[in-house]
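The next block holds one structure in the form of structure tokens; read it before the comments.
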Amino acid sequence: MSKEPDRIFAKPLAQVPDFAFNEDVVRVFPDMIKRSVPGYPTIVENLGVLAAQFAQPNSVLYDLGSSLGAVTQALRRHVRTDGCRVIAVDNSAAMVERCREYLNGQDSMFQELLPVEVIEGDILALDFQPASVVALNFTLQFIAPDQRTALLSRIRQSLLPGGALILSEKLRFNDAEEHALLTDLHVAFKRANGYSELEIAQKRSAIENVMKPDSLEEHRERLLAAGFSKVVPWFQCLNFASLIALP
Ligand SMILES: Nc1ncnc2c1ncn2[C@@H]1O[C@H](C[S@+](CC[C@H]([NH3+])C(=O)[O-])CC(=O)[O-])[C@@H](O)[C@H]1O
Ligand SMILES: O=C(O)C(=O)Cc1ccccc1
């Protein structure tokens, strides 16, 4: 993985453009996500462990909004179920190109990995195949809020018995005090990871129009409305959480 440090918001910008998953972001993405998302390495590694429990023979494991394929690589490290294959999907051409290179690297280092296909496309337009594991690792928050239920319903329809959706998201909190506290602690996390006040402020304004977090209660209600039977949070670090949703 690229070791290039994230300095995207280090210099003062006259106008901060909306955040986009372009070439510049792709180059620094592994550093950016590790220093910005508390618990990210733990979530990714354990997503593989969880997936191994839900994988069903001869089914698809989806990594939706795969970025550089960190989740896909974890799925391939942990899942050994017969006849499974991974489909990774992202609509950023720059992400997909680099993701394919990293997966070729994984293939050259390990044998007997699950086959993988990387699709450049919109997950809202995807024709889902019967799936046992669907990972949405910090992707739903970038989907327009009014499209979220329909996407989750289509995922629910494609899930096989015994399978699961694993959904990781930044959270907002209905209680104003809880929201303020966890937001401040997230800022402290970023500061401790070497981001300046300017970087933190400019990144906040870059993502505010493109990334719309929901509360845990909203996630639970929407997942139940989409036809899931059970929602089980398995991880939270500050204002970032991951849920298991069962069909
Ligand atoms: N409609 C869409 N269709 C396809 N992809 C999309 C869409 N909208 C956004 N994306 C893609 O979703 C990804 C979100 S990042 C996921 C991290 C990864 N899962 C990881 O575990 O490393 C989260 C973050 O950066 O906070 C980006 O690569 C977008 O191009
Ligand atoms: O940086 C943040 O404040 C975030 O909420 C997480 C994030 C991580 C990577 C890209 C966009 C948002």
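Each value in this text was obtained by applying a stated rule to the coordinates, not by laboratory testing. As the structure is a computational prediction, the values presented were derived from the model and not from experiment. Here the Cβ is made from the backbone with ideal geometry for all residues, glycine too, and neighbour counts use every protein chain on show.
Okay, here's what the table says:
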| item | result |
| --- | --- |
| DSSP-assigned coil residues among GluC sites (Glu not before Pro) in the range 169-247, each with at most 14 further Cβ atoms within 10 Å | 208 |
| Lys pairs, the chain - Cα-Cα below 29 angstrom, 8 or more residues apart or on other chains | 23 |
| The chain: angle of helix 148-158 to the longest principal axis, Cα-based, in degrees nearest 10 | 20 degrees |
| Residue 164 long-range amide H proximity, modeled H, under 5 Å | 133, 134 |
| Span from the the range 28-77 Cα centroid across to the the range 130-207 one, whole angstrom | 14 Å |
| Taking N as its residue count, the alpha carbon Rg of the range 1-88 over 2.2 N^0.38 Å | 1.34 |
| Kirkwood hydrodynamic radius (C-alpha pairs) into Stokes-Einstein, the range 39-192, 4 °C and 1.567 mPa s, D in µm²/s | 79 µm²/s |
